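Have a look at the structure below, then the notes.
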Number of protein chains: 2
Amino acid sequence: MRVPQRILLGPGPSTVDPRVLRAMATPLVGHLDPVFLEIMNEVMQDLRYVFGTENQLTFPMSGTGSAGMETVLVNLLEPGDHALICVNGVFGTRMCDIAERAGARVTRVDAPWGAPIDPADVKAVLERERVDLVAIVHAETSTGVLQPLEEIARMVREHGALFVVDAVTSLGGVAVDVDKRLIDACYSGTQKCLSCPPGLSPVTFGPRAEERLARRKRKVQSWYLDVTMISQYWGAERFYHHTAPISMMYALHEALQIVKEEGLEKREERHRTISRLFCEGLADLGLEPLVPEAYRSPMLITVKVPDGVDEARVRRFILNRFNIEIGGGLGDLKGKVWRVGLMGSSCTENNVILVLEALRQALEAERK
Amino acid sequence: MRVPQRILLGPGPSTVDPRVLRAMATPLVGHLDPVFLEIMNEVMQDLRYVFGTENQLTFPMSGTGSAGMETVLVNLLEPGDHALICVNGVFGTRMCDIAERAGARVTRVDAPWGAPIDPADVKAVLERERVDLVAIVHAETSTGVLQPLEEIARMVREHGALFVVDAVTSLGGVAVDVDKRLIDACYSGTQKCLSCPPGLSPVTFGPRAEERLARRKRKVQSWYLDVTMISQYWGAERFYHHTAPISMMYALHEALQIVKEEGLEKREERHRTISRLFCEGLADLGLEPLVPEAYRSPMLITVKVPDGVDEARVRRFILNRFNIEIGGGLGDLKGKVWRVGLMGSSCTENNVILVLEALRQALEAERK
């Protein structure tokens, strides 16, 4: 197996620190070994720190970010429940699909791809009908929009619904602040701003979400993602559910140490500073971010593809010539944007210098 | 993170070869990188070899063995379908739970824990009523029974039902022979006889299962485990579904090389020889396997706990004194057996010598 050394500036995975790679190569212990149970405790504690929560039910699910999305929705929804889902990109769309598969009635609140959700639109639905759950994406990986949460969170709480936030791309990059922002359930992925390989999905459930779990009338449709069962493995009972992905847990444990050593505030500042640097460089190249600065996610910047430029050819050029991966557009934005991730360990000044120069040369090649 | 060097002789994970650990520590590439797509192709090809199949739809799901179980059942069952599930341990029981959550009507065929399923019992149900799917566990990890499959497979095919086999613990240890044995869908885990860390679940779907997928009236209840969507990522389309667990795929790729280098036949012979050696040693200690030789799975041996012996204290003694992990009983067998895994890289003569001596000393300590 021969693998080139890529600089990962796409929508994830981001660059994984050698410390995390080394941790992952640690010989395995059993998933019920006392040593492993201690590692699980530390991972839970550290996840509470990055989520900004005191929630007991905070642990990584044994799947990627989408498994976390499904976990939160299928545990908190039952057939006939009414979910209000905010859609301004691929991941909001995916939430609708999952909620419908769980038998929920879904009302969509849409915004154009590249714009944030308007709280007034959410309010209109909440005032019109009873809603059980409101779900929204914090940083939309398909568009690069960072969604303001506070106003919507307050409205959702006032109307007695559960507030669910997708923090796949934001966690470890900007503050998620689960408790402060009145978020009832939240999920993330490991391969974005936590800079751990993909394969785990940290989730957290607050007291109101726990209460909803306890009130369920029927079993969660997924056995594998049944949080009540899984919490007995992560809790004091240590009851066997499924074999935890041990090596991935080693990796997450080390990745979380790195986040703690830097500190969440400094980490957010770094993401904001480096991202600004990148956007300034874009302007010098005559390129433009899709999202206005006010709503632009610092960790994932969508860049408009200029007319007459073949976006896929540019990505291939950058990958083959410079070993740099950037992403293409998805869904409505396919062919229209590049997605440049500056997430976690990938978020460095050196990487900005390299990707700007790579873009410059690629555009020059396009003009020939 | 300080982790002791354990000798893993429990029900999984088994010892992971340093080559696999090193592969897992390889720097990441993107999940749509041409280099990664090539690795995916090789993994699919090598999985076909270990499953003994030509099935196109053969790939690892992004979850542990139980995710594979759920994948097969929720994709092949729709509400109202009739599933016949063979139950002689924890994993058969789990299949019933999952099939019921998928809305299927479940008929159980039971055998005592420690005995195989009697084909006559399956036949009786098949002749009495229409059955859509029959599911059975090849090697029951909770009891150590290796189930003969041929006779049941033929009956299932004659009656036009789909034949589903759980090969979590058997794959890479004894022949699974998916095509030869008329298995329509099969799933496994990586942390047993493949000796790869837990986190992926290889699955395979044959032509009759594919045909059933195509005939579905409603969406699969799980988005994350929707095989039709996932096959578009693993197939020629390379359509993005979720971010594959890249490092785990590196590990599986390397683990499969090791299996191929040894060859499946030699590997099965090794498991059978080493297992026999262990059982001979047990007899010298006055210990007895739960399962008669004819149905005993070579990779996982359940050993009866003698009267007056504290089984948990014995396991703790062996773990703390010798760094050897063996498993306790589950469900009906809790407190009554130890489970000794001799799987993949853990299946060596040296490990047999060590675990027998550890058991000898532990029993001596118990007698004091």
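A short reminder: the numbers here are calculations on the coordinates, not readings from a lab. If you're wondering where the values come from, they're calculated on a predicted model, not measured in any experiment. Note: ideal-geometry Cβ built from the backbone for every residue, glycine included; neighbour counts use all protein chains shown.
Within a 10 angstrom radius of the beta carbon, how do B:Leu282, A:Leu162, A:Leu285 rank from fewest other beta carbons to most?
Ordered from fewest to most neighbouring Cβ atoms within 10 Å, B:Leu282, A:Leu162, A:Leu285 come out as A:Leu285, B:Leu282, A:Leu162.
Can you compute the modelled spin-label distance between A:Thr273 and B:Ala124, with each label point 7 Å from Cα toward Cβ, in nm?
The modelled label-to-label distance comes out at 7.5 nm.
Here is the link list: A:Lys217/B:Lys219; A:Lys217/B:Lys217; B:Lys192/B:Lys260; A:Lys192/A:Lys260; A:Lys304/A:Lys334. Which ones come out longer than 19 Å on Cα distance?
Checking Cα-Cα distances, A:Lys217/B:Lys219; A:Lys217/B:Lys217 exceed 19 Å.
Consider all pairwise Cα distances in the range A:244-349 and report the whole-number % of them above 18 Å.
Above the 18 Å cut-off, the range A:244-349 has 58 percent of its Cα pairs.
Just grab the label-to-label distance for A:Glu261 and B:Lys219, each label 7 Å out from Cα along the Cβ direction, in nm (one decimal).
So the two model labels end up 4.3 nm from each other.
Where Rh is the Kirkwood radius over the Cα pairs of the protein assembly as shown, the temperature 37 °C and the viscosity 0.692 mPa s, what D in µm²/s does Stokes-Einstein return?
For the chosen part, D equals 124 µm²/s.
Arranged by the count of other C-beta atoms within 10 angstrom, fewest first, what order do B:Arg321, B:Arg218, B:Arg315 take?
Ranked by crowding around the Cβ, least crowded first: B:Arg218, B:Arg321, B:Arg315.
Out of residues 5 or more away from A:Leu162 or on other chains, whose amide H comes under 5 Å of its own, with H placed 1.01 Å from N in the peptide plane?
HN-HN under 5 Å from A:Leu162: A:Leu133, A:Val134.
Which residues make up the longest stretch of chain A clear of GluC sites (Glu not before Pro) that lie in a DSSP loop with no more than 13 other Cβ atoms within 10 Å, not counting the sites?
On the way: sites that count: A:Glu54, A:Glu129, A:Glu237.
Between exposed loop sites, the widest span is A:238-368.
Ordered shortest first, which distances in nm separate the 7 Å Cα→C-beta label point of B:Tyr49 from those of the other copies?
4.4
As a check on your reading of the symmetry: which chain A residue has its Cβ nearest the axis that brings A onto B, and how far is it in Å?
Whole-Å result, nearest residue of chain A to the axis: A:Ala25, 2.
Taking the Cα centre as origin and putting +1 on Lys and Arg beta-carbons and -1 on Asp and Glu beta-carbons, what dipole magnitude results for the range A:142-297, to the nearest 20 debye?
That gives a dipole near 740 debye.
So between B:Tyr49 and B:Ile353, what do we pick up on full extension, going 0.36 nm a residue minus the alpha carbon distance?
Details: separation 304, 0.36 × 304 = 109.44 nm, distance 3.20 nm.
Value of the extension gain: 106.2 nm.
Work out the mean other chain Cβ neighbour count within 10 Å for the residues of A:61-68 and drop it here as an integer.
Mean inter-chain Cβ contacts per residue within 10 Å come to 6.
Taking the simple approach of a point 7 Å from Cα along Cα-to-Cβ for both A:Thr107 and A:Tyr295, what is their distance in nm?
2.1
Determine one quarter of the surface area of the Cα convex hull of the range B:1-141, which equals its mean projected area, and express it in nm² to one decimal.
12.2
In a GNM of chain A with a 10 Å cut-off on Cα contacts, which of A:Leu32, A:Leu171, A:Leu342 has the highest mean-square fluctuation?
Answer for the Gaussian network model of chain A: A:Leu32.
Decide, for the range A:64-193, between rounded, prolate and oblate: order the square roots of the alpha carbon gyration tensor eigenvalues as a ≥ b ≥ c, take rounded if a/c falls under 1.5, and otherwise choose prolate if a/b is larger than b/c, else oblate.
Working: a/c = 1.40, a/b = 1.21, b/c = 1.16.
It is rounded, given that a/c, with a ≥ b ≥ c, falls under 1.5.
First check a/c for the range B:287-330, with a ≥ b ≥ c the square roots of the eigenvalues of its C-alpha gyration tensor; if it is under 1.5, answer rounded, and if not, answer prolate when a/b is larger than b/c or oblate otherwise.
oblate
Give me A:Cys186, A:Cys279, A:Cys86 sorted ascending by neighbouring Cβ count inside 10 Å, so fewest comes first.
In order of increasing Cβ crowding within 10 Å: A:Cys279, A:Cys86, A:Cys186.
Counting Lys +1, Arg +1, Asp -1, Glu -1, what net charge surrounds A:Phe91 among other residues with beta carbon under 10 Å of its beta carbon? Don't skip to the end; give the middle numbers.
Working: positive: A:Arg94; negative: A:Glu140, A:Asp166.
Around A:Phe91, the surrounding residues sum to -1.
Which trypsin sites (Lys or Arg not before Pro) does the range A:325-360 hold that lie in a coil by DSSP with at most 13 other beta carbons within 10 Å? Spell out each step's value before the answer.
Working: sites: A:Lys334, A:Lys336, A:Arg339, A:Arg360; in loops: A:Lys334, A:Lys336.
Those that pass, being in a loop and sparsely packed, are A:Lys334.
Ignore the peptide's own chain and count Cβ atoms of other chains within 10 Å of each Cβ in A:16-27; give me the average, rounded.
5
According to the square roots a ≥ b ≥ c of the eigenvalues of the Cα gyration tensor, what is the shape class of chain A, taking rounded for a/c under 1.5, prolate for a/b larger than b/c otherwise, and oblate for the remainder?
Oblate, since a/c reaches 1.5 and b/c is not below a/b.
So, with +1 on the Cβ of K and R and -1 on the Cβ of D and E, and no other charges, what is the size of the charge dipole of chain B about its Cα centre, to the nearest 20 debye?
Rounded to the nearest 20 debye, it is 740 debye.
Across peptide A:1-14, how many C-beta atoms of other chains are within 10 Å of each residue C-beta, on average?
What the average comes to for A:1-14 is 5.
A:Arg272 label points, 7 Å along Cα→Cβ, one per copy: pairwise distances from this copy to the rest in nm, shortest first?
Spacings between copies for this position, smallest first, are 6.8 nm.
Please report the net charge: other residues with Cβ closer than 14 Å to the Cβ of A:Gly286, K and R +1, D and E -1.
The answer is -3.
From the label point of A:Pro112, set 7 Å from Cα along Cα→Cβ, how far away are the matching label points in the other copies, in nm, ordered shortest to longest?
Ordered by distance, the counterparts are at 7.3 nm.
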